[in-house]
Amino acid sequence: MKDRRSLVAGLNSGGVDRAVEKDFVFAGNKAAPSSAPHAAAPETRDGKGSSGNAIGRAPLTTRIRTDFSAALKRASLQRQLDGVFPNTLQDILEEALEPWLRSNGYLN
């Protein structure tokens, strides 16, 4: 059986090639990760919401009846499978709320 050594003794073992060590750590990248900063392109979300909708969205949290929630989720999933628009919960709710807000004078 091999002689056991302490963790500190294992970490301080000499004879390690620093170039091989760096190659292993940086997975063969010749440039250090901090030497070449790059600007990440903003991600776009395709397929969500109305196209050309310049109106911003605000978070809204509410509670609805369980049967409404189940029916809404089922409708959303079925419409996504069928490729019918609107198919997201957000878009379905917006389409349902807009006529009510307009008819009651809350939206011009």
Fill in: Test: Pro59 is surrounded by 10 or more Cβ atoms within 10 Å (Cβ to Cβ) and either modelled with pLDDT of 90 or more or hydroxyl-bearing (Ser, Thr, Tyr) (or both)
no
Item to complete: Could you figure out which of (1) within 25 Å of the chain's Cα centre (by Cα); (2) farther than 30 Å from Leu107 by Cα; (3) modelled with pLDDT under 85 isn't true of Leu81?
Response: (3)
Item to complete: Would you check which residues across the stretch 65-108 are surrounded by fewer than 11 Cβ atoms within 10 Å (Cβ to Cβ) and touching a helix residue (DSSP H, G or I) at 6+ places or on another chain (Cβ under 9 Å) and list them?
Response: Val84, Tyr106, Asn108
Discussion item. Looking at the stretch 85-108, I want the residues that are part of a helix (DSSP H, G or I) and have a partner that is surrounded by 11 or more Cβ atoms within 10 Å (Cβ to Cβ) and not charged (D, E, K, R) with Cβ atoms under 6 Å, at least 6 apart or on another chain. Which pairs are those?
Written reply: Leu89/Ser76; Ile92/Pro86; Glu95/Pro86; Leu101/Leu107
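The values are calculated or read from the model by the stated rules, or taken from the named source; none is laboratory data. For clarity, every value in this text was computed on a predicted model and none was experimentally measured. Methodologically, a virtual Cβ is constructed for each residue, glycine included, from the backbone with ideal geometry; neighbour enumeration extends over all protein chains shown.
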